[in-house]
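> First the structure, which I've put down as structure tokens, then a few questions once you've had a look.
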Amino acid sequence: MTSNVIIANLGYLVSISCFIVGIKRLSRVRTARSANVLAASAMLIAVASQLIELETVDYRYVVAGVIVGASIGAVLAFKVAMTAMPQLVAVFNGFGGAASLLVGLSLFAAIQERGTLAEVMIGSTSGLGTGLTLLLSIVIGAVTFSGSILAYLKLSDRYGSVFGKSILLPQRHLITLSLFALSLGLCAALLMFLANPVVSTFAIICVALFALLLGVAVVLPIGGADMPVVVSLLNSYSGLAASATGFALNSPVLIVSGALVGASGLILTQIMCKGMNRSLANVMIGGFGGESAEGAGSGDASAYTNVKSSDVEESALTFESARDVIIVPGYGLAVAQGQSAVAEFASHLKGLGVRVRYAIHPVAGRMPGHMNVLLAESNIPYDELFEMDEINSDFRSSDIVLVVGANDVVNPAAKTDPSSPLYGMPILNVDQAPIVYVIKRSLSPGFAGVKNELFDLDNCRMIFGDAKKVLEELSVHLDLAKAA
Amino acid sequence: MTAEILIGLYVFVLSVFVGFELINKVSPTLHTPLMSGSNAISGVTILGALACVNAESSFANVLGACAIALATINVVGGFLVTDRMLRMFKK
């Protein structure tokens, strides 16, 4: 072992430790920002160590790649709107997957220079292991790449109308399974039988292509409401792809950090699934939200019998006399760009001595924790944001609950109606509050496509209109009341 | 192969357990920054990409350079956007 290799390995060890400490400190708001810097420094140390270990690197390629990548990454990071964060994370995931795919292909091309893959691999057992892990890196990388790009298309405003719904191909399970079998089967064939360089090159390109198609086939049937699960899952895949590359290169940093990311993605996926009361398998099979209009009360306006609407002035009067208000924001608030309007309204309430809290459902927004970021952007302090379990017992004792842009997550049918597609989903118990105001454009249903029983309850009043406009008008009325 | 891959497997499995322990305690407020931050960490594939640009074949080198660019987008963009988000969280 040369001194360079020893120095590099010590560097890897430092960088792995920093990654672990970084992720740990990312779990508290106070330490999170420095933790992110720590993780970034760990990455720098890892890159430097790798360059020390490699010794002979063609720096022209390195510098070109880094300059191009860093400028694109920086521009994307600074320009993205917070509402578009899920799309950005999906795209970044995709790039990570694509990098693993290209690393696999490049290593394969390098091996081909020295002989065919089969000769190199079967010639020594170590070659067989490298080959297997290399193929795994190609397959996982390709699935992550194409799946993430499709997820991006589904989430984006521009292409969402085309790809956003759950798209169900005929025989889709058969297609998915055969793509899976083809990519794995070809892998095995490549490893065992092929000694001809042309054939094995052709085969590895097919493996990559089938894996790319597999990524598309897996994400295609998943509907818009389920995208938070998919983005988390693809995040996990991008970690696994890095781990697989780590096995191929026998690099512990890649294995460890890939595994950490894989685990974090899995946990977030599980949290999202729990928040929707669905199993991962159920989400992956897809079709939810696209075809569930039948069954327990479809969501059109005629299904309602006891809707009471209230105008802004009357509602403002009620808010003035309240002591304790809980606001339930949903993604609809972000669609109406009403985050600052809600912050403004809340500050008026606080000016009147009202206690204001926000109740955040785990699947509010379009990725885990998305709503918290959107509210933080509007300068709402994070200690006013409460997660479902913390605040669910407080609705009963509050004076008013204001629901803005949320729908399925406050539908009491999830607790009471076993025939509802929402049944069993954990919801915010806003129906227990003395008065519930719902700001909504119309009585149209949410993602699940079902009637919201909340709107028919005696304690619920609808304020029809655009969320941003209604909130601004409410603020004006509160302002007048304060002046008077 | 066997020794190296087996040790790799040990490392992998143990790291997964460490990951579960670390992330289980993260407050929901920070789930999005956690995700974009861990996303940036998954750009560690850049190390693999660096190992690709010292091959004799220029085709392999070009593939490696593309991999470096993609992984760098992931790393630089991921850490920067995470910082941008974390700056917004105020008490």
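The values are calculated or read from the model by the stated rules, or taken from the named source; none is laboratory data. What you are looking at is a predicted structure, and each value in this text was computed from that prediction instead of being measured. In this analysis, Cβ positions are derived from the backbone assuming ideal geometry, glycine residues included, and neighbour counts consider all displayed protein chains. Just so you know, the surface numbers come from the protein's heavy atoms only, side chains and all, with ligands and any DNA or RNA stripped out. Shrake-Rupley method; radii C 1.70, N 1.55, O 1.52, S 1.80 Å.
> Is it the case, given these coordinates, that A:VAL68 is out of contact with any strand residue (DSSP E or B) (no Cβ under 8 Å at 6 or more places or on another chain), within 7 Å of chain B (Cβ to nearest Cβ), open to solvent by 40 Å² or more (accessible area, probe 1.4 Å) and over 21 Å from B:GLY37 (Cβ atoms)?
Here the answer is yes, as A:VAL68 does meet what is asked.
> Moving on to the next point. What number goes with the only condition from (1) more than 7 Å from chain B (Cβ to nearest Cβ); (2) open to solvent by less than 50 Å² (accessible area, probe 1.4 Å); (3) within 30 Å of A:ALA189 (Cβ to Cβ) that A:LEU105 does not pass?
Only one criterion is unmet by A:LEU105, namely (1).
> OK, next. From the list A:PHE395, A:PHE386, exactly one residue is open to solvent by 40 Å² or more (accessible area, probe 1.4 Å), among the hydrophobic types (A, V, I, L, M, F, W, C) and assigned by TED's automatic domain parsing to the domain that holds A:SER347. Which is it?
A:PHE386
> Given the structure, is A:ARG25 free of Cβ contacts under 8 Å to residues at least 12 places away in the same chain, open to solvent by 30 Å² or more (accessible area, probe 1.4 Å) and more than 7 Å from chain B (Cβ to nearest Cβ)?
no
> Being within 17 Å of A:ALA181 (Cα to Cα) and open to solvent by 20 Å² or more (accessible area, probe 1.4 Å), is that true of even one residue in the stretch A:218-237?
yes
> From the list A:THR305, A:THR318, pick out the single residue that is part of a loop (DSSP other than H, G, I, E, B) and modelled with pLDDT of 75 or more.
A:THR305
> Does any residue of the stretch B:8-16 turn out to be in contact (Cβ under 8 Å) with a residue 40 or more places away in the chain, facing chain A (nearest Cβ under 7 Å) and assigned to a helix (DSSP H, G or I)?
For the stretch B:8-16, residues in contact (Cβ under 8 Å) with a residue 40 or more places away in the chain, facing chain A (nearest Cβ under 7 Å) and assigned to a helix (DSSP H, G or I): absent.
> Same structure, new question: Could you list all residues from the stretch A:33-57 that are open to solvent by 40 Å² or more (accessible area, probe 1.4 Å), over 30 Å from B:PHE89 (Cα atoms) and free of Cβ contacts under 8 Å to residues at least 12 places away in the same chain?
Across the stretch A:33-57, the qualifying residue is only A:THR56.
> For A:GLU473, only one of the following conditions fails: (1) open to solvent by less than 50 Å² (accessible area, probe 1.4 Å); (2) over 20 Å from A:THR305 (Cα atoms). What is its number?
(1)
> State yes or no: is A:VAL342 within 30 Å of A:VAL229 (Cβ to Cβ) and at pLDDT 80 or above?
yes
> Right, here's the next one. Condition test on A:LEU38, is it more than 21 Å from the chain's Cα centre (by Cα) and more than 17 Å from B:ASN39 (Cβ to Cβ)?
Answer is no for this residue.
> Among the candidates A:LEU254, A:LEU213, single out the residue that is in contact (Cβ under 8 Å) with a residue 12 or more places away in the chain, within 22 Å of the chain's Cα centre (by Cα) and either surrounded by fewer than 24 Cβ atoms within 10 Å (Cβ to Cβ) or in a helix (DSSP H, G or I) (or both).
Of the residues listed, the single one that is in contact (Cβ under 8 Å) with a residue 12 or more places away in the chain, within 22 Å of the chain's Cα centre (by Cα) and either surrounded by fewer than 24 Cβ atoms within 10 Å (Cβ to Cβ) or in a helix (DSSP H, G or I) (or both) is A:LEU213.
> Criterion first (under 21 Å from the mean Cα position of the chain (by Cα) and in contact (Cβ under 8 Å) with a residue 24 or more places away in the chain) does A:ALA77 satisfy it?
Judged against the criteria, A:ALA77 is not a match.
> Among the residues of the stretch A:333-349, which ones are of a type in the set (Asp, Glu) and either in a strand (DSSP E or B) or at positive phi (or both)?
none
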